[in-house]
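The values are calculated or read from the model by the stated rules, or taken from the named source; none is laboratory data. Source: prediction; values computed, not measured. Cβ coordinates were reconstructed from backbone atoms using ideal geometry, including for glycine residues, and neighbour counts include every protein chain displayed.
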Amino acid sequence: MKIHPTYAAVFLLWSATFPGTAQSIASHWSGASSGADNPPPAMVTSAQGSSYIPLDNWIYGALDRLHGMGYIDTAFLGIRPWTRLSIAHMLEESADSVQNSSDDEARELFLAIRREVQPDVDNPTTLLHPDGMLESVYAEGRGISGTSLRDSFHLGQTIVNDYGRPYEHGFNFYGGLSARAEAGRFSVYFRGEYQHSPSADGYSPDLRSYLSDTVDTVDLATHPEQETLPDTHIRSQNNARLMEGYVSYQVLNHEVAFGKMDHWLSPARGGALLISNNAQNAYEFQIDRIEPLRIPGLSKITGPFRYEFYVGSLKGHTEPNAPWEHVEKISFKPYRDLEFGFSRLVIWGGEGHVPITLHSFLKSFFSVANVSYAEKNSRNDPGARFAAFDFNWRLPFMRHWITLYSDSFVHDDVSPVDAPRRAAYHPGIYLSRMPGLQHLDLRAEAATTDASAASNRNKNGQFFYWETIQRQGPTNEGYLLGDWVGRNAKGGQAWATWHFSPKDQVGVAYRHVKASQQFFTGGSTQNDYAVSARKWFAKQFQVEGSVQYESWTIPLYQSGKQSDTTVAARFTWFPPRKD
C-alpha cells in the first residue's frame, strides 16, 4: 500500500502537540572567549515569536556556505526561509565546533551571521514591551537593451527567481521598504514595493493563438486575458505591490501565520522544481515547524525532522478561474550530513468546476490514487497533484568541502522515488571552498523536465507543470511557482564566487536552457552570462550590481539569433537598531 508523505506530516502535527516529544534547544550562546566578537551568553527564548528573513537576503548564501564547510548541522536546507531565532538556534548548536576550530573562514562567517541575529537574542520581546523596527529601505534600477523574455510558462525568462517582478526593454525601477515587529509569541512583517516597467510589444496574434490553442489547449476566444500569455501590446506597469506581509503566532515551535510569505522547497540555489520565489507570493494560511523535532523511538531511525503546510489562492488562472493550492513538506535528518524530504503540491477547485470547501480540500489532500477522466471533469476532481523528493549530502571524508544534492518532481505519481523514469530532476554539486583558495566557492546545477518515459505525453509541454483541467498549472500571476527551466526543457547553471568577506563578494555565472521541439515548433536555445558584485559600507549600506548578457534563438518568436543586456544596481539601507 502506498502512503504519501503528507500522511506522515499529519501524524507529526499530532505528535508535536505534546511538548514532551520535542527535543530541547540549547538556551545560551557558547563562546570560546569573551570580547567584541564573543559577547556574554544570552538566553534564547523558544516561546518567542520571530519573523522570517526574506529569501533574497545575503544571510542565506552565508548560511549555505557555512553548512557546506561542515557546520550548522541542524539546518534544514530543503525548507526555507528561516526565522531569525531559528537561525540563532542553528548557530548555538555549532558555536563550540566553530570557535574551537582553526577554520578562520568559517569563524568569520559564523560571527557575521551571529551579529545579524544577536539583537533578537539579546532583547527578547514580551506582550508588555513590543519591539518594532524599520528593517530596510531599498531602490533598484534595471536597464534592459534588446528584447527580453518574460514568459516562464512557454518561451522562457531573462530574469529568474525575482518574485514575478515586471520588466521590459528600457528602464525599470523597484523601490520599497520592509518593517517588522514582535510582541511575545506574535510577529508581524511587512515588505512593500513600488514597481515600474515600460510598455513593450508583446506576442503577435498568431503566436498567442498557437501557444494558447495548441500548446495549452485553452480557447483564446473564450479567455483572451491570460496572465501566462503576454498580450499583443504590454502596457507600462506602475504598481504598488505587497511583496511579503503576514501576522504569525508561535505555538509549540510552530509559526502559525496568515498573509504573503516566501517559500523555497529545495536545497538547490538556482531553482526549486515545486516551489521557489520565481513567482510573486500568494495569500495563504501556514503552519511551519520552525525547529527540528525529535520523537522518542522514531527519531532513532529518521533523526530530527521539520515539516510545513500551507493553503492559499492562486491568481491569473482562467481554466478554471481562481483555483487554490495546498502544499506539504516534510524533511528528515537521519545523519548530520544527510537530509532528505518529501513534498506535495495540489491545485484544486475553481469557478464553475469544484467549489472551495472543506470537503473538496480534504478530498484533494488525501487523494493519491489514479482517477478517471469522468471524475476529473466532475465536482469530485481531487485536483492537479504534483510531488517532489530532494536530498543534500555532505560527502564522507569531504564534509567540509563538498555537498551533493538533488531535487526531483513528478505529476500524478505518489513520489519521484517510486516513479524515477517519469520524473524531472534538478541535481547539483557545491564546493564551499577550493584547496589553496579559501575565499572561492564553486557550484554547478543541471535541470530537466524532459522525462523520456513520459515523452509521448510531454508533447506540447503537457505533462510537467500542466494538467488536463488546471491548464495554467502551478503558476501565480502568470509566473511559474517552480523551476525556471520550465516545461519540456533541459538546462543548467554554474557559479564561481570570490568572497572578500562574509558580506562582500564578486561572482560570475552562466545559465543555459534548451526547450524541446516537442514543446513548440522549432524549440528554443537560451544562454545567459552574468557578473555580479556586492559591497557593504559603514555596516548599514549594501550596494549590489550586476551585468547580464543573454543570447537566445526562438524561431517561433523572432527569426535569427537575438540578444539582450541587463544592467542592474541596487542600494539598500539597513537602519541601526535602537534598543
statement: Counting only residues that are surrounded by 22 or more Cβ atoms within 10 Å (Cβ to Cβ) and within 22 Å of residue 386 (Cα to Cα), the stretch 479-507 contains a total of 12
message: Residues that are assigned to a strand (DSSP E or B), on the phi > 0 side of the Ramachandran plot, at pLDDT below 95 and surrounded by 16 or more Cβ atoms within 10 Å (Cβ to Cβ): does the stretch 465-475 have at least one?
response: yes
message: Quick check on my filter: what residues within the stretch 155-191 are surrounded by fewer than 19 Cβ atoms within 10 Å (Cβ to Cβ) and over 30 Å from residue 258 (Cβ atoms)?
response: 169, 170, 171, 173
field: So residue 160, is it of a type in the set (A, V, I, L, M), part of a loop (DSSP other than H, G, I, E, B) and more than 26 Å from residue 528 (Cα to Cα)
entry: no
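At pLDDT 95 or above, over 21 Å from residue 465 (Cβ atoms) and of a type in the set (Gly, Ala, Ser) - does that describe any residue in the stretch 206-224?
To start, the set of residues in the stretch 206-224 that are at pLDDT 95 or above comprises none.
The answer is no, given that none of the residues of the stretch 206-224 is at pLDDT 95 or above, over 21 Å from residue 465 (Cβ atoms) and of a type in the set (Gly, Ala, Ser).
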- prompt: Looking at the stretch 314-348, which of its residues are small (Gly, Ala, Ser) and either touching a residue at least 60 places away in the same chain (Cβ under 8 Å) or crowded, with 23+ Cβ neighbours inside 10 Å (or both)?
  reply: 316, 331, 341, 343
message: Just to check your reading of the model, which residue among 144, 72, 113 is of a type in the set (A, V, I, L, M, F, W, C), at positive phi and buried (at least 20 other Cβ atoms within 10 Å of the Cβ)?
response: 72
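Filter the stretch 381-402 down to the residues that are farther than 17 Å from residue 345 by Cβ and under 19 Å from the mean Cα position of the chain (by Cα), then identify the one that is surrounded by the most Cβ atoms within 10 Å (Cβ to Cβ). First the steps, then the outcome.
Just the residues of the stretch 381-402 that are farther than 17 Å from residue 345 by Cβ, to begin with: 391-402.
Those left that are additionally under 19 Å from the mean Cα position of the chain (by Cα): 391-392.
On the way: 391: 19, 392: 28.
Within the stretch 381-402, the match that is surrounded by the most Cβ atoms within 10 Å (Cβ to Cβ) is 392.
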- request: Please go through the stretch 548-572 and pick out each residue that is in a strand (DSSP E or B) and farther than 23 Å from residue 193 by Cβ.
  value: 549, 550, 551, 552, 553, 562, 563, 564, 565
- prompt: In the stretch 192-204, which residues are within 16 Å of residue 139 (Cα to Cα) and surrounded by fewer than 23 Cβ atoms within 10 Å (Cβ to Cβ)?
  reply: 192, 193, 194, 195, 196
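Just for the stretch 279-296: of the residues that are in contact with a Gly (Cβ under 9 Å, 6 or more places away or on another chain) and charged (D, E, K, R), which one is surrounded by the fewest Cβ atoms within 10 Å (Cβ to Cβ)? Lay out the reasoning, then the answer.
So the first thing to find is which residues in the stretch 279-296 are in contact with a Gly (Cβ under 9 Å, 6 or more places away or on another chain), and the list is 279-286, 292, 294, 296.
Imposing the further condition that a residue be charged (D, E, K, R) reduces the set to 284, 294.
Values: 284: 22, 294: 16.
Ranking the qualifying residues of the stretch 279-296, first place goes to 294.
Being in contact with a His (Cβ under 6 Å, 6 or more places away or on another chain) and over 16 Å from residue 342 (Cβ atoms): is that true of residue 439 here? Talk me through it step by step, then tell me what you get.
Values: in contact with a His (Cβ under 6 Å, 6 or more places away or on another chain): yes; over 16 Å from residue 342 (Cβ atoms): yes.
Spelling it out, residue 439 is indeed in contact with a His (Cβ under 6 Å, 6 or more places away or on another chain) and over 16 Å from residue 342 (Cβ atoms).
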- prompt: So which residues in the stretch 274-289 are farther than 24 Å from residue 408 by Cβ and among the aliphatic types (A, V, I, L, M), if there are any at all?
  reply: 287
Residues being more than 30 Å from residue 424 (Cβ to Cβ) and either under 22 Å from the mean Cα position of the chain (by Cα) or not acidic (Asp, Glu) (or both) - total across the stretch 500-515: 6
message: Please determine whether any residue of the stretch 354-365 is under 30 Å from residue 74 (Cα atoms) and at pLDDT below 95.
response: yes
message: The conditions are (1) of a type in the set (S, T, N, Q); (2) part of a loop (DSSP other than H, G, I, E, B); (3) surrounded by fewer than 19 Cβ atoms within 10 Å (Cβ to Cβ), and residue 228 fails exactly one of them. Which is it?
response: (3)
task: Out of 349, 341, report the one residue that is touching a strand residue (DSSP E or B) at 6+ places or on another chain (Cβ under 8 Å) and within 18 Å of residue 473 (Cα to Cα).
output: 349
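Report yes if some residue within the stretch 406-413 is under 30 Å from residue 443 (Cβ atoms), among the aliphatic types (A, V, I, L, M) and surrounded by 20 or more Cβ atoms within 10 Å (Cβ to Cβ); otherwise report no. Explain how you work it out, then say what you get.
Start the filter on the stretch 406-413 by keeping residues that are under 30 Å from residue 443 (Cβ atoms), which leaves 406-411, 413.
Keeping just the survivors that are among the aliphatic types (A, V, I, L, M) gives 410.
From the residues that got through so far, the ones that are surrounded by 20 or more Cβ atoms within 10 Å (Cβ to Cβ) too are 410.
Yes; the residues of the stretch 406-413 include at least one that is under 30 Å from residue 443 (Cβ atoms), among the aliphatic types (A, V, I, L, M) and surrounded by 20 or more Cβ atoms within 10 Å (Cβ to Cβ).
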- request: Residue by residue through the stretch 64-106, note down the ones that are free of Cβ contacts under 8 Å to residues at least 40 places away in the same chain, part of a loop (DSSP other than H, G, I, E, B) and touching a Lys or Arg at 6+ places or on another chain (Cβ under 8 Å).
  value: 101
query: Out of the stretch 197-243, which residues are among the hydroxyl-bearing types (Ser, Thr, Tyr), more than 21 Å from residue 559 (Cα to Cα) and within 28 Å of the chain's Cα centre (by Cα)?
result: 197, 228, 236
message: Among the residues of the stretch 344-397, what is the count of those that are farther than 17 Å from residue 415 by Cα and in a helix (DSSP H, G or I)?
response: 10
